[in-house]
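Please read the structure below before turning to the comments.
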Amino acid sequence: MNTTYYGHSCFGIEYAGKSMLFDPFVRPNALAAHIDVDSICPDILLLSHGHEDHVADAVEIAIRSKAQCVSIYELHSWLLSQGVSHSHPMNIGGEWTFDDWKVRMTPALHSNSLPDGQYGGLAAGFVISHAEEPTFYFAGDTALFSDMQLISKRQSLDLAFLPLGGNFTMDVQDAVHAALWLGVKKVVGMHYDTFGFIRMDHNEAVAAFSNAGIQLELLNIGETRTY
Ligand code: NI
Ligand code: MN
């Protein structure tokens, strides 16, 4: 899977011949000013929750690309009201198979509201799997919670995308704990540095994971890595 970082919690992932996009927040992100949003054209758009820093560019990209959107029921309903036509509703604990890849919606310990202030349902994460690709967990925004131990009970994980910046989500110390519970040896960091509240020392973060035997990947915005 080729993973391109678009800043904050937004990743484009080439997976089983499809292009997935998670949590697009690019146009309002000054750190991602060099990213051309018009060139992002996913087949699948996955949204963890409705906060602005996860859906800012979602409607524009969804309508233009006609991507298959996946989100929790309340966020799905909001997408439909915004003119998005290809949307699939899910809820926590559910799994769905699209073609040959699977998505499972996991809990996240976080609030959720829609851009217009409406109730957004629960915040969520995703486990994505395919027979010939790594199985990965995209945590969305979340605190550390002990039920993370259950996520890898059902299927072992090769990689986890975890928030690191603290204040709104777990910080590095808790993310190391999460990685140990998830049983992953590799973590891709997200949700750090975008705002003053979530600035992070990169060297300290890498060292904290390394001390626990885990490799932390911090991508430059615009960079692509293969997992
Ligand atoms: Ni949030
Ligand atoms: Mn957020």
Picked from region 108-154 (must be assigned to a loop (DSSP other than H, G, I, E, B) and of a type in the set (D, E, K, R)), the residue least open to solvent (accessible area, probe 1.4 Å) is 141
Residues 80, 75, 47, 109: which one is away from ligand 1 (no atom under 14 Å from the Cβ) and of a type in the set (A, V, I, L, M)?
80
In region 3-42, the residues that are outside any loop (DSSP other than H, G, I, E, B), farther than 24 Å from residue 105 by Cβ and open to solvent by 40 Å² or more (accessible area, probe 1.4 Å):
30, 31, 38, 39
Could you please give the count of residues in region 182-199 that are crowded, with 17+ Cβ neighbours inside 10 Å and farther than 20 Å from residue 33 by Cβ?
6
Suppose we filter 79, 45 for residues that are more than 16 Å from ligand 2 (Cβ to nearest atom), under 30 Å from residue 196 (Cα atoms) and either under 12 Å from the mean Cα position of the chain (by Cα) or assigned to a strand (DSSP E or B) (or both); which single one remains?
45
Log entry, pairs with first residue in region 44-58 being over 24 Å from residue 17 (Cα atoms) and among the small types (Gly, Ala, Ser), second being more than 11 Å from ligand 2 (Cβ to nearest atom) and in a loop (DSSP other than H, G, I, E, B), beta carbons closer than 7 Å, six or more apart or on different chains, reads 50/114; 50/115; 50/120; 56/24; 56/27; 56/28
Residues (among the polar types (S, T, N, Q) and surrounded by 20 or more Cβ atoms within 10 Å (Cβ to Cβ)) located in region 70-107:
71, 87, 106
Residue 168 versus (1) touching a residue at least 60 places away in the same chain (Cβ under 8 Å); (2) open to solvent by 30 Å² or more (accessible area, probe 1.4 Å): which is the lone unmet condition?
(1)
Among the residues of region 136-181, which ones are closer than 24 Å to residue 7 by Cα, of a type outside the set (D, E, K, R), over 14 Å from the mean Cα position of the chain (by Cα) and away from ligand 2 (no atom under 14 Å from the Cβ)?
144, 157, 172, 173, 175, 176, 177, 178, 179
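The values are calculated or read from the model by the stated rules, or taken from the named source; none is laboratory data. Predicted model, so just to flag it, every value in this text is computed and none were measured. All Cβ positions, even for glycine, are placed from backbone atoms using ideal geometry, and neighbour counts span all protein chains on display. We work out accessible area using only protein heavy atoms, side chains counted, and drop any ligands, DNA or RNA first. Shrake-Rupley method; radii C 1.70, N 1.55, O 1.52, S 1.80 Å.
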